[in-house]
1. If Asp348 satisfies every condition in (1) closer than 26 Å to Arg200 by Cβ; (2) open to solvent by 10 Å² or more (accessible area, probe 1.4 Å); (3) charged (D, E, K, R) but one, which is the exception?
2. For segment 255-280, which residues satisfy the criterion of being open to solvent by less than 40 Å² (accessible area, probe 1.4 Å) and under 25 Å from the mean Cα position of the chain (by Cα)?
3. Checking the structure you have, find out if any residue of segment 207-215 is more than 29 Å from Pro282 (Cβ to Cβ) and of a type outside the set (Lys, Arg).
4. Among residues belonging to segment 113-159 that are of a type in the set (Gly, Ala, Ser) and at positive phi, point out the one that is surrounded by the fewest Cβ atoms within 10 Å (Cβ to Cβ).
5. Hey, among the residues in segment 205-234 that are among the basic types (Lys, Arg) and part of a helix (DSSP H, G or I), which one's most open to solvent (accessible area, probe 1.4 Å)?
6. Looking for whichever is open to solvent by 40 Å² or more (accessible area, probe 1.4 Å) and either touching a Lys or Arg at 6+ places or on another chain (Cβ under 9 Å) or closer than 30 Å to Glu334 by Cβ (or both) here; the options are Pro202, Pro194. Which one fits?
7. So which of Ala264, Ala270 is in contact with a Leu (Cβ under 6 Å, 6 or more places away or on another chain) and of a type outside the set (S, T, N, Q)?
8. Identify all residues within segment 257-284 that are touching a residue at least 24 places away in the same chain (Cβ under 8 Å) and either farther than 24 Å from Val226 by Cα or β-branched (Val, Ile, Thr) (or both); write none if there are none.
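The values are calculated or read from the model by the stated rules, or taken from the named source; none is laboratory data. Model, not experiment: these values are computed from the prediction. In this analysis, Cβ positions are derived from the backbone assuming ideal geometry, glycine residues included, and neighbour counts consider all displayed protein chains. Surface accessibility is based on the protein's heavy atoms, side chains included, excluding ligands, DNA and RNA. Shrake-Rupley method; radii C 1.70, N 1.55, O 1.52, S 1.80 Å.
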Amino acid sequence: MERALSAPGKLFVSGEYAVLWGGVSRVAAVGPRTAALVSRRADSRVHVCVEEGTLSGRTTPRGVKWDREVPAGFSFVARTLDEALRLHGRESVGFDLAVSPSAVDANGRKLGMGGSACATVLAADAVRFVLEEKFDALKVALVSHAAAQGGKGSGGDVAASYAGGVVRYRRYEVSGLIEASSAGGYRAALDAAPTVDVWRLPVPKVSLGYAFTGESASTRVLISQVEAKMGEAGRRAFVERSDALGHEIEVGLGGGDFRAFSEAVREQHALLQELGPLETEPMHRVLAMASAYGCVGKQSGAGGGDGCILFAPDAEKRAALLEGIRARGFHTLELDVEPGVRGEAQPDARLRAWLDASR
């Protein structure tokens with residue numbers, strides 16, 4: 001019994017910091033997609049295969065008893081498997097799970113498109129399938145992703161990867177569920193928890209692109225730095241302004257006045273810069289080029305590196321912009337909005353080989 005899966009990455013369209021403080025974000029699910037392959041075993045053993053190697057253990061009602069300390073490259077998947085087995089709450093069969101690596105540029109640098117969230121979503125859906133469970137895989141992925149990074153992050157990347165499309169998302173409170181996972185009553189707490197506040201928006205009528213700056217950034221570090229210097233009143237004022245701009249951006253995604261939409265995107269980017277020096281010099285160059293080509297862009301995510309989401313009024317202008325950016329040495333992607341996590345008819349051959357080698 002096996003299942004092949006895939007899930008999209010994400011890019012924040014608006015609200016990447018406001019969502020941490022009660023505001024609303026808009027997040028796009030985009031390619032490249034990440035693949036996974038899960039296979040049920042006859043015994044209780046677990047093998048997790050990623051690009052870094054294989055991590056093994058066995059199932060228990062309290063999670064996986066790993067054969068060794070969990071390396072950093074396995075942390076999000078491993079935490080998700082633990083959460084799912086705690087919800088299951090009894091002895092279970094084992095399984096083999098392989099997850100493909102996140103998207104990278106030509107030099108092997110991660111593009112900052114939500115690889116950890118994508119892997120978490122895939123692991124939650126894969127284990128639900130193997131255990132023949134009916135728990136809410138999105139809630140489990142949100143709990144697992146937050147717990148694996150010490151409660152940091154909004155979960156917007158998880159919600160977009162799970163639901164697909166462009167989503168409007170408000171941060172989901174998981175602290176009580178994390179506590180129940182350790183203290184007991186986890187399944188009842190999860191079932192009673194509110195529905196995740198996520199809404200899928202219409203397909204955008206503007207064309208989307210992405211430019212990677214060549215520098216990676218640590219979201220957790222940046223969030224900690226921003227939150228350490230911003231008081232409650234400042235956060236409330238920031239959220240109010242961000243939410244108003246996010247609404248304008250959402251309306252503009254549906255088409256109409258591209259000039260007004262562009263102004264809202266620029267103002268959202270400028271608002272983010274009030275939180276600190278989040279725009280790098282390569283970002284500045286990319287965004288200046290977008291304006292020169294009659295397009296617009298902004299940082300996507302926490303800033304300090306990674307990349308810019310770009311918007312063009314049509315596919316022709318997007319192609320010209322991305323060609324110009326590539327000519328200056330940046331890695332670019334032409335984007336379409338992707339569906340969320342889904343089953344695939346054929347497994348990734350590389351993942352099949354990883355699983356065969358681990359047995």
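1. (1)
2. Answer for segment 255-280, where residues must be open to solvent by less than 40 Å² (accessible area, probe 1.4 Å) and under 25 Å from the mean Cα position of the chain (by Cα): Phe261, Ser262, Ala264, Val265, Gln268, His269, Leu271, Leu272, Leu275, Gly276, Leu278, Thr280.
3. If we filter segment 207-215 for residues that are more than 29 Å from Pro282 (Cβ to Cβ), which is where we start, we get none.
Looking for residues that are more than 29 Å from Pro282 (Cβ to Cβ) and of a type outside the set (Lys, Arg), one finds none in segment 207-215, hence no.
4. Taking segment 113-159 as the starting set, the residues that turn out to be of a type in the set (Gly, Ala, Ser) are 114-117, 119, 123-124, 126, 137, 141, 144, 146-148, 150-151, 153-156, 159.
From the residues that got through so far, the ones that are at positive phi too are 114, 150-151, 153, 155.
On the way: Gly114: 31, Gly150: 9, Gly151: 11, Gly153: 22, Gly155: 29.
For segment 113-159, the residue satisfying everything is Gly150.
5. Top of the filtered list is Lys229.
6. On the way: Pro194 fails: either touching a Lys or Arg at 6+ places or on another chain (Cβ under 9 Å) or closer than 30 Å to Glu334 by Cβ (or both).
The unique qualifying residue is Pro202.
7. Numbers: Ala270 fails: in contact with a Leu (Cβ under 6 Å, 6 or more places away or on another chain).
Within the list Ala264, Ala270, the selection yields Ala264.
8. Of everything in segment 257-284, those that are touching a residue at least 24 places away in the same chain (Cβ under 8 Å) and either farther than 24 Å from Val226 by Cα or β-branched (Val, Ile, Thr) (or both) turn out to be Phe258, Phe261, Ser262, Val265, Thr280.
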